[in-house]
1. Between Ile28, Val16, Leu69, whose Cα lies farthest towards the positive end of the dipole of the range 7-86 when Lys and Arg beta carbons carry +1 and Asp and Glu beta carbons carry -1, centred on the Cα centre?
2. Counting Lys and Arg as +1 and Asp and Glu as -1, each charge on the Cβ, what is the dipole of the range 7-86 about the Cα centre in debye, to the nearest 20?
3. Given charges of +1 on the Cβ of Lys and Arg and -1 on the Cβ of Asp and Glu, with all other atoms neutral, how large is the dipole of the chain about its Cα centre, in debye to the nearest 20?
4. Read phi for every residue in the range 232-238 and hand back ³J(HN,Hα) as whole Hz from Karplus 6.51 cos²θ - 1.76 cosθ + 1.60, θ = phi - 60°, with x for Gly and Pro.
5. In whole percent, what relative contact order does the range 246-395 give with Cα contacts below 8 Å and a gap of six or more residues?
6. Grab the DSSP H runs of the chain that are 4 residues or longer, score each as -39,500 (n - 2.57), total them, divide by all residues and round the 222 nm result to the nearest 500 deg cm²/dmol.
7. How would the range 217-267 be classified by its alpha-carbon gyration tensor: rounded, prolate or oblate, with rounded meaning a/c under 1.5 and the a/b versus b/c comparison settling the rest?
8. Among the lysines, select those whose C-alpha is under 27 Å from the C-alpha of Lys40, and discard any that sit fewer than 8 residues away in the same chain.
Amino acid sequence: MDLLFTEGDLTFREEVRRFLNDNTIPDIRRKLAEGLKLSKDEVAAGTRSLYKKGVPTWPQEYGGTGWTLLQQYIFEEEARAFPALVKFGMGEDLVGPVIYTFGDLAQKRYYLPRIANATDWWCQGFSEPEAGSDLASLKTRAAQHGDHYVVDGQKIWISSAHYADWIFCLVRTNPDVKKHQGISFLLIDIKSPGVTVRPIQLINGGYEVSEVFFDDVRVPLANLVGEKNKGWMYAKYLLSKERFDDAGVGLSKERMLRALELAAQTYVGDERLIDQSSFREKVAELEVQLKALEITQLRAIANASKQQQGVQDPASSILKLRGSEVEQAAAELLMAVIGPNTLPYIPDEELGSWNEPSILPRWAAKIAPIYFYSRAASIYSGSSEIQKNIIAKAILGL
Ligand SMILES: Cc1cc2nc3c(=O)[nH]c(=O)nc-3n(C[C@H](O)[C@H](O)[C@H](O)COP(=O)(O)OP(=O)(O)OC[C@H]3O[C@@H](n4cnc5c(N)ncnc54)[C@H](O)[C@@H]3O)c2cc1C
């Protein structure tokens, strides 16, 4: 297998760089570079700027660019490094592909353009208090009444639900069969009467996830994707896509480069941190891991190009497993730069009686939350233990 980029790939990369330079919004790029939070409107504007040639990961017939998987990979890597990469919820990466692969014509016509215009922010309603790793045990029920379902139950750990317009859910539509067989895939307007969203504070201090409660929520039958009770099949397709995307090579590269940039400005005594051999060893170790991950991702892309659309690739579990470990290692490298100054709150500075420049650089406050949030990478989208189980069964045949 040839893993070198061709002339055509390199030309494409140059085109992407020019496109990002000419089309993305300078103020959003600045905020991303400084690690500042973006408002929902800014994420929408940033997403639209990235979609000017079409949704990068979708086929042309649905408003996508029609790029190959390798071109999509190059685009995402460049957009992240620029930095210009933003995601308007989980429309492009998760529910969009499920709708264009398994949805009906009316669903494709209604929902896909609204994702491509960054109109609807989607979140993913799969996990429940008693159904995380064992997702098929989910209990949220959708009972059919005339032309609609009535949904009751609770989801938990739902990323960005408090920004969302829509939530795609796995719901139980038949409690009397084996658990995998009675599940359906339902699209729910999160502003519907009876839906309550309650944000949860995480260890990094942020509110990235929420609980979502459904209390007699009426959902039109037309919002069912594919066939009733076949939702598990669509969920497996979606999860394998999610794990494929979760390798996070671009993200880890960006963090490693940021750590190098900051280490060049950080002094330990008279010596720059970047010149210290113990720090350089950490960088080298991460770089080797990252290169191996990147090559694994490129191999998976080469294999996936040959596969039928909609077919699950167990290699996505390897990418998810290693991707989250490398992401955590990159966050640890950032922590190694800031060292003991991870808690940058200095009360004396606040008193206004501080004549000297600030002891800590502005970026110091951003590092610890990145590190703490990265701990979740080996939990969400299926924990590391679950990925190992899949690798053992589906790849090693154990
Ligand atoms: C930050 C964050 C964002 C999230 N975003 C979303 C989202 O947007 N939408 C959504 O639906 N969910 C989301 N989740 C939920 C996530 O998918 C679940 O937390 C995850 O699947 C684990 O489920 P659980 O928390 O119920 O843990 P459990 O399943 O109870 O697992 C507890 C521990 O037991 C281990 N374990 C469980 N079963 C096995 C087994 N068979 N073999 C070996 N070990 C096992 C697990 O690895 C884990 O260490 C998010 C979670 C986090 C932390």
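1. Highest projection toward the positive end goes to Ile28.
2. Here the size comes out at about 340 debye.
3. Dipole about the Cα centre, nearest 20: 1040 debye.
4. With the stated coefficients, the range 232-238 comes to 4, 5, 5, 5, 5, 4, 5 Hz.
5. 31
6. After summing the helix terms and dividing by the residues of the chain, the value is -14000 deg cm²/dmol.
7. In terms of gyration-tensor shape, prolate.
8. Lys31, Lys52, Lys53, Lys87, Lys108, Lys155, Lys191, Lys241, Lys253, Lys366
The values are calculated or read from the model by the stated rules, or taken from the named source; none is laboratory data. This is a predicted model, so every value here is computed, not measured. A quick note on method: Cβ atoms are made from the backbone with ideal geometry, for glycine too, and the neighbour counts reach across all protein chains shown. Accessible surface areas use protein heavy atoms only, side chains included; no ligands, DNA or RNA. Shrake-Rupley method; radii C 1.70, N 1.55, O 1.52, S 1.80 Å.
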